[in-house]
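The values are calculated or read from the model by the stated rules, or taken from the named source; none is laboratory data. Bear in mind the structure is a predicted one, so any value in this text is a computation, not a measurement. Using ideal geometry, Cβ is built from the backbone for each residue, glycine included, and neighbour counts are taken over all protein chains shown. The area values use the complete protein model at the heavy-atom level, side chains included, leaving out ligands, DNA and RNA. Shrake-Rupley method; radii C 1.70, N 1.55, O 1.52, S 1.80 Å.
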Amino acid sequence: MSNAIFLTIHPDNPQERKIREAVEVLRNGGVIIYPTDTIYGIGCDIHNVRAVERVCQIKGVKPDKVHLSFICSDLTHISDYAKIDTPVYKVMKKALPGPFTFVLESSSKVPRYGGSKKKTVGIRVPDNNIALALVRELGNPILSTSIRDEDEVLEYSTDPELIFEKYRNLVDMVIDGGYGNNIASTVVDAANNFEVLREGAGDIEQFL
């Protein structure tokens with residue numbers, strides 16, 4: 001694979017032309033690295049199975065074993081991908097956009113990865129203008145997983161230029177939206193009384 005494109009997008013006012021350029025890569029089955037409100041993520045179109053397989057390959061996991069999140073622009077189409085009741089929806093509406101991944105029972109519309117149906121799906125609506133603009137332009141969620149850094153001190157890569165150097169031969173585009181954080185999202189089991197599965201950047205207690 002040829003070297004990835006390095007695309008700088010303004011974090012506060014994402015340029016429409018550049019968002020369209022990035023989404024074109026996604027529509028063509030590409031894999032991108034992009035900023036969120038927590039750490040940088042590796043993402044692709046949820047409906048492109050081959051791209052999903054590439055993401056899993058980069059992470060070193062099998063498609064049927066990996067825990068992946070769907071990045072959404074809002075909760076409008078949440079019921080398309082997850083089974084959700086009113087109390088859970090109310091909490092999510094208060095907490096999102098924000099640094100949370102809500103694990104929900106998946107609906108029949110969630111694509112099969114690795115030949116098996118996922119029982120659960122992680123839903124994220126990050127408080128990041130670039131990520132939200134990408135999803136809106138694409139018209140459906142982006143499948144996403146975090147970038148982990150081998151350095152034990154700094155678990156997640158934060159510098160877009162260093163991320164580009166590391167992943168330029170593995171992905172099709174790296175979006176520079178400024179420095180990222182090195183604390184991941186808080187993962188919450190929404191189907192089980194909002195049990196925190198992973199402590200992260202968000203405090204779910206304030207929304208319960």
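Structure values in brief
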read-out: The listed residue being surrounded by fewer than 19 Cβ atoms within 10 Å (Cβ to Cβ) and in a loop (DSSP other than H, G, I, E, B), out of Lys109, Lys94; value: Lys109
read-out: Selection count where residues are part of a loop (DSSP other than H, G, I, E, B) and touching a helix residue (DSSP H, G or I) at 6+ places or on another chain (Cβ under 8 Å), scope region 167-204; value: 11
read-out: Residue ID - farthest from Arg124 (Cα to Cα), chosen from residues in region 21-40 that are under 18 Å from the mean Cα position of the chain (by Cα) and charged (D, E, K, R); value: Glu24
read-out: Failed item in (1) surrounded by fewer than 17 Cβ atoms within 10 Å (Cβ to Cβ); (2) at pLDDT below 95, with Pro63 passing the rest; value: (1)
read-out: Per-region count, region 88-113, residues over 14 Å from Cys72 (Cβ atoms), in contact with a Lys or Arg (Cβ under 6 Å, 6 or more places away or on another chain) and without any contact (Cβ under 8 Å) to a residue 60 or more places away in the chain; value: 0
read-out: In region 66-83, the residues that are loosely packed, with under 14 Cβ neighbours inside 10 Å and either within 16 Å of Asp37 (Cα to Cα) or in contact with a His (Cβ under 9 Å, 6 or more places away or on another chain) (or both); value: Asp74
read-out: Condition check for Thr86: modelled with pLDDT of 90 or more, open to solvent by 70 Å² or more (accessible area, probe 1.4 Å), among the polar types (S, T, N, Q) and over 20 Å from Val61 (Cα atoms); value: yes
read-out: Within region 42-51, tally of residues that are farther than 10 Å from Ile142 by Cα and either in contact (Cβ under 8 Å) with a residue 60 or more places away in the chain or open to solvent by less than 10 Å² (accessible area, probe 1.4 Å) (or both); value: 2
read-out: Residues that are modelled with pLDDT of 95 or more and in contact with a Lys or Arg (Cβ under 8 Å, 6 or more places away or on another chain), drawn from region 44-60; value: Cys44, Asp45
read-out: Subset of region 182-204 that is in contact with an Asp or Glu (Cβ under 7 Å, 6 or more places away or on another chain) and under 12 Å from Thr38 (Cβ atoms) - its residue that is surrounded by the most Cβ atoms within 10 Å (Cβ to Cβ); value: Thr186
read-out: Region 114-128, subset in a loop (DSSP other than H, G, I, E, B), of a type outside the set (A, V, I, L, M, F, W, C) and in contact (Cβ under 8 Å) with a residue 12 or more places away in the chain, residue least open to solvent (accessible area, probe 1.4 Å); value: Pro126
